[in-house]
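Worksheet: one structure, shown below.
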Amino acid sequence: MTTVPSGAPAGALVGPAGVRATARIVAVPDGRGGTALPALESDGPLALRRLRPEGREARVCLVGAMSAPLGGDALRLEASVAADAALRFTTAAATVALPGRTGAPATYDVRLDAGAGATLCWLPEPLVSARGSDLRQTTYVELDAGARLLLREVQVLGRAGEPTGRLVTRLVVRRAGRLLLDQELAYGDGCPGWDGGAVLGGHRAVGQVVVVDPAFADRPVPARVLGPSAVVTPLAGPAALVTAVAPDALALAGVLGPVMEELGPCPRPQGGGMRHSTPTYSQVTSAAGADEAGQFAPRTAGAAGIGPPMACSRPHPG
Amino acid sequence: MHTTVTAEPAGPPAGLGALLVLADGRFPAGGHAHSGGAEAAVAAGRITGAASLADFCRGRLHTTGLTSAALAAAAAAGVDPLALDDAADARTPSPALRAAARRLGRQLMRAARAAWPSAALDALAAARPRGAHQPVVLGLTARAAGLGPADAAYAAAYECVSGPATAAVRLLGLDPFDATAVLARLAPELDQVAARAARAARRAVDEGPDALPSASAPLLDITAEQHAAWPVRLFAS
């Protein structure tokens, strides 16, 4: 279980260094074949909205309540999926890392756990590293041996036509206490060789999709080349990783979409059109490059019944 | 000079002589058959000459080079080699690269047991008959040779750039003087990476392998799988 430090702040603290905020989701079986959310705690820039459930799956969307992370911010997002519960997490828009006033790095720590028979689909929109920003992101996932996971992380280096900031991400997945994947990626100033032929070779969008499914123990996912810059690789355990690089987020989405559908445990929204849909990956990523302020109104927010955009902007440099 | 952090060093401390034997490109451990991703990068047009070779080697050094150097340093520092082998698996998502690392580990093990016989090498060979990850074997070999964690880190980090540089000479017909100049200019960064790896290894003695870096290079993972599927190739990886 993800533990919450005792005495966690009730609201976001804004200090000279930046915003400190922890948001939390707890998903448990509701006893009627669905999933309840006994905790859905927003904090500061991390505003969580409940979406219409789909079958057994509870759905939560993060909408940006202010532009974040800025340099100096310390954000934390926790989700715990109890045994036999199912949670799908999305974000209404790309997350844009922006510079702060002091030049201090921002941190964004995601802590996830899922119990036996649980399914967790963690599908945030891309993380965009804006010029001059400095973000350290960590994602740690703890899975029971009987849990299933579909997790996508996408990094976009710079908004349209600008150089990237500095972005360091670490993705760690453990299953039954055993390490499945530990991968750190570092781009931008201070990361020597990041754009050379061994690391990115000029590409500006990078994606990882992790799929963990106990069924892979008997039917491992074979290694497969998906194109000139994407592969599916079986990990040393019942799991697979998709690694892809592309010139931009849109091209990357075209590679990741089909393979996620093929490998992942998450059902697609059935029928209902916009009523059930969250913004698609390509919709928001195409906007990501254009919005200077890094503010993204959730495009289908009204239709999905998640309330108006929670834009309470605060000034940011530039 | 050698900071062996565990209470029981494997043998009497050794100096630069043993490190030169271990890090020599002619040490019969099979490394010459691997290009460290350079063959695929040349084919993709990402290495075309000395400048792009330097960019490639720099990126490899600071990503998988750092990760390998830290694993080797941790093994030399006395961290459990089987735990390090698992940590290496989790840091190597490409099955082609896991297979290459184990093949290289097995080959190095044979040479190492002849050069510096040790019970620790015998035990790892018995526990991983198909080969442990090469950096783990390298670190344990360094320990058997009386070398320290920083020495093991140097050997691993240097190998991670000397392999592609040597391969580029054969693949591109690059002037060997130019390739060597690339390595010479990377030497200060080699020092930095080896020092960082050795520091991480010291932490791993107390905190376990999770304290080790996991720096990765997406293109190396992607192209390793593509390269493994080529029907004809000059290098094994």
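The values are calculated or read from the model by the stated rules, or taken from the named source; none is laboratory data. Bear in mind the structure is a predicted one, so any value in this text is a computation, not a measurement. Note that we place each Cβ from the backbone using ideal geometry, even for glycine, and neighbour counts take in every protein chain shown. Calculation scope for accessible area: heavy atoms of the full protein, side chains included, ligands and nucleic acids excluded. Shrake-Rupley method; radii C 1.70, N 1.55, O 1.52, S 1.80 Å.
Annotations for the structure displayed:
- Cα-derived Rg to Rh of the range B:46-226, Kirkwood definition: 0.97
- Heavy-atom accessible area per residue - the protein assembly as shown, 1.4 Å, Å²: 39 Å²
- Highest-first arrangement of B:109-118, B:47-56, where packing means the average Cβ count within 10 Å: B:47-56, B:109-118
- Around A:ALA198: net Lys/Arg minus Asp/Glu count, Cβ-Cβ under 13 Å: -1
- Values of log10 I(q)/I(0), in the order q = 0.11, 0.12 Å⁻¹, for the range B:121-185 under a Debye, Cα-only, solvent-free model: -0.38, -0.44
- The C-alpha atoms of chain B define a longest principal axis, and helix B:134-144 lies at about 40 degrees to it.
- The residues packed around B:PRO95, meaning those with a beta-carbon under 14 Å from its beta-carbon, carry a net charge of +3 if Lys and Arg are +1 and Asp and Glu are -1.
- Given charges at Cβ of Lys, Arg, Asp, Glu: chain B dipole, positive-most of B:SER94, B:ALA184, B:ALA228: B:ALA228
- In degrees, nearest ten, helix B:176-207 long axis to first principal axis of chain B (Cα): 40 degrees
- Only Lys, Arg (+1) and Asp, Glu (-1) charged, at Cβ; the range A:126-209 dipole about Cα centre in debye: 200 debye
- With every protein chain in place, the protein assembly as shown: carbon and sulfur % of accessible area (1.4 Å): 55 percent
- Inter-part distance where the range A:48-72 and the range B:29-48 are each reduced to a Cα centre, Å: 44 Å
- Rg and Dmax of the range A:221-270, Cα atoms only, in Å: 11.6, 34
- Taking Cβ atoms as reference points and 12 Å as the exclusive limit, the residues near B:ARG113 contribute a net charge of +1, counting Lys and Arg as +1 and Asp and Glu as -1.
- Translational diffusion coefficient of the protein assembly as shown (Stokes-Einstein, Kirkwood radius from Cα pairs, 10 °C, 1.306 mPa s): 66 µm²/s.
- Helical runs assigned H by DSSP (4 residues or longer) give chain B a calculated mean residue ellipticity at 222 nm of -21000 deg cm²/dmol, each run adding -39500 (n - 2.57) before division by the residue total.
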